[in-house]
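Below is one structure, written out as structure tokens; comments come after it.
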């Protein structure tokens, strides 16, 4: 079962937030990873497989759901805010389980 958490930037001027897995995650029938768009800064989970045996290299090119850019980088819990570069924190009590 996968898990989504609310991440919020600690910089009070930025306060960017996103509900994402915070890295690689797996549900009952899909595998996803969290990516940050280098163009617009959006954090997003992208499903890259519906088969546990498939690898990310076998999937089609990914694009940002907001701006369409293909300039995405993996993002994980503990990485910097994609908007301002400061620390992000998990907001307690905002966890969603998915499968």
Can you spot a residue in the range 29-43 that is at pLDDT below 95 and surrounded by fewer than 16 Cβ atoms within 10 Å (Cβ to Cβ)? yes
So which residues in the range 18-42 are in contact (Cβ under 8 Å) with a residue 60 or more places away in the chain and not in a loop (DSSP other than H, G, I, E, B), if there are any at all? 19
Which one of these does residue 5 not meet: (1) in a strand (DSSP E or B); (2) surrounded by 15 or more Cβ atoms within 10 Å (Cβ to Cβ); (3) modelled with pLDDT under 95? (3)
Going by the conditions given, is residue 15 in a strand (DSSP E or B) and either in contact with a helix residue (DSSP H, G or I) (Cβ under 7 Å, 6 or more places away or on another chain) or modelled with pLDDT under 95 (or both)? no
Take the residues in the range 54-64 that are modelled with pLDDT of 60 or more and farther than 9 Å from residue 37 by Cα; name whichever of them is nearest to the chain's Cα centre (by Cα). 62
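The values are calculated or read from the model by the stated rules, or taken from the named source; none is laboratory data. This structure is a prediction, so every number in the text was calculated from the model and none was measured. Note: ideal-geometry Cβ built from the backbone for every residue, glycine included; neighbour counts use all protein chains shown.
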